[in-house]
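**Q** Dumping the structure here so I can ask a few things about it.
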Amino acid sequence: MTDFDAILTQAKLPERTVPLCLREDLVAEYERLDAELRSASRTAPSLGEPAPATVIARRMEELRQEMLACQVEFRLRAWPARKFAKLRDGMPKPADGQADDEFADIWHAAVCDLVSKMLVEPKATAEQVDALSERLAESQWLKLSNAAWDINASGQAIPFSVAASAILSSDDAK
């Protein structure tokens, strides 16, 4: 028989981490270099010089390191079901005759509030989240705002990693 108090002590609200690179401008240069790398010579022009492909690959790695340094991890935590239901049910609905642009602004403010309430690290106000949204591409904003909604509204199975399983299987075989 399971002790229900023991179950209660184990229960924790879901958490997710959303990594966002805040220097997406570097991606374009990386992609340009990646295309250039495909046709670059792998032969050094002289003994003292690296091959053009090596020079490009080194710059790509520098860019990758810059992007990693500019990556921020946003940690979100769900709210208890009843508390989130109140928040969800209080989300704005379009008023009769309300212009789409006007409702979009109201909806955006509500989503910023939602994200700020789910953020554990870094903590932020709805106004700060709004300011961040103005500096993100839509894909980045959707990744963050959808995660704030999904952490409450969508269940998640226990994760499984094929790569981790393969590594452990090969280690066990040794």
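The values are calculated or read from the model by the stated rules, or taken from the named source; none is laboratory data. Small disclaimer: the values here were computed from a predicted structure and weren't measured. No Cβ is skipped: glycine too gets one built from the backbone with ideal geometry, and neighbour counts run over all protein chains shown. Just the protein is used for accessible areas: all its heavy atoms, side chains included, with ligands, DNA and RNA removed. Shrake-Rupley method; radii C 1.70, N 1.55, O 1.52, S 1.80 Å.
**Q** What are the residues in the range 13-54 that are modelled with pLDDT of 90 or more, of a type in the set (D, E, K, R) and not in a helix (DSSP H, G or I), if any?
**A** Passing the criteria: Glu15, Arg16, Arg42, Glu49.
**Q** Further question: From the list Glu73, Glu36, Glu29, pick out the single residue that is exposed (fewer than 13 other Cβ atoms within 10 Å of the Cβ) and among the acidic types (Asp, Glu).
**A** Result: Glu73 is the single residue among Glu73, Glu36, Glu29 that is exposed (fewer than 13 other Cβ atoms within 10 Å of the Cβ) and among the acidic types (Asp, Glu).
**Q** Right, here's the next one. Looking only at helices (runs of 4 or more DSSP H) that fall completely inside the range 71-174, which ones have 3 or more residues that are farther than 30 Å from Ala11 by Cβ?
**A** 100-118, 126-133, 138-153, 162-172
**Q** Considering every residue within the range 137-146, establish whether at least one is open to solvent by 70 Å² or more (accessible area, probe 1.4 Å) and in contact with a strand residue (DSSP E or B) (Cβ under 7 Å, 6 or more places away or on another chain).
**A** Yes, the conditions are met somewhere in the range 137-146.
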